[in-house]
Amino acid sequence: MFHHSSKLQYPVRVEKPDPEFAMLLQQAIGGVEGEIRVAMQYFFQAMGARGDARIKDLLISTATEELAHIEMLGHAVALNLEGAPVSYQEASAKDPVVNAILGGMNPRHVLSSGLSAMPVNANGVPFDMSHIYASGNIAADMLANVTAEATGRVLATRLYNMTEDKGMKDFLSFLIARDTMHQQQWLAVIEDMGD
């Protein structure tokens with residue numbers, strides 16, 4: 001059973017809406033290194049966890065926190081889409097490199113989700129669960145989790161370096177810190193198991 005609080009785990013602020021950055025943030029939601037992946041990975045690992053009940057509980061608790069990260073990222077996407085002036089989008093599209101790579105905002109943010117986040121990556125490809133690793137072997141799963149958190153941290157760091165928005169940098173700093181903590185947590189489980 002889950003309990004939802006109407007308060008975000010960490011405040012999310014955007015000083016200047018940026019629809020291109022909203023599209024990039026989608027990678028942290030539905031990309032292979034994103035929050036949907038780790039939430040589902042930890043849930044499925046917990047379902048197969050036998051033995052030490054503390055590990056199963058830790059997996060479920062962390063999966064639940066990852067759902068909160070999805071919620072915060074969804075809020076960040078919406079804030080970056082809402083109120084973004086068309087002139088900003090047009091100015092960005094004038095840069096041939098930016099236009100070729102990003103092509104402005106994802107049209108599905110307007111057409112399919114009404115300026116909201118979606119369970120997709122930065123290219124608009126739906127998350128398909130193909131990168132969920134739950135082997136039934138706790139040690140192997142913990143190693144997969146260490147890697148998942150490391151790649152999530154790399155992505156959050158790249159996003160951090162792609163924005164000048166102070167609110168987004170603050171929020172991404174929080175996600176980077178949580179990824180680091182979760183990685184250390186999974187390493188501690190491995191150490192507790194006798195390496």
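Read the figures in this text as sums done on the coordinates, not as results from a lab. Please read all numbers here as calculations on a predicted model, not as lab measurements. Every residue, glycine as well, gets a Cβ built from its backbone with ideal geometry; the counts of neighbours run over all protein chains shown.
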Every residue from the stretch 171-194 that is without any contact (Cβ under 8 Å) to a residue 40 or more places away in the chain and of a type outside the set (A, V, I, L, M):
SER173, ASP179, THR180, GLN183, GLN184, GLU191, ASP192, GLY194
Between residues in the stretch 9-34 that are assigned to a loop (DSSP other than H, G, I, E, B) and residues that are among the aromatic types (Phe, Trp, Tyr) and surrounded by 23 or more Cβ atoms within 10 Å (Cβ to Cβ), which pairs lie under 9 Å by C-beta distance while being six or more apart or on different chains?
TYR10/PHE171; PRO11/PHE171; VAL12/PHE171; ARG13/PHE171; VAL14/PHE21; VAL14/PHE171
Considering only the stretch 131-144, I want to know if a residue exists there that is closer than 30 Å to ARG13 by Cβ, in contact (Cβ under 8 Å) with a residue 60 or more places away in the chain and assigned to a helix (DSSP H, G or I).
no
Every residue from the stretch 43-72 that is part of a helix (DSSP H, G or I) and among the small types (Gly, Ala, Ser)
ALA46, GLY48, ALA53, SER61, ALA63, ALA68
Please go through the stretch 1-51 and give me each residue that is under 19 Å from LYS166 (Cα atoms) and of a type in the set (Lys, Arg), ordered by number.
ARG13, LYS16
Out of curiosity, is GLY152 surrounded by 13 or more Cβ atoms within 10 Å (Cβ to Cβ) and at positive phi?
no
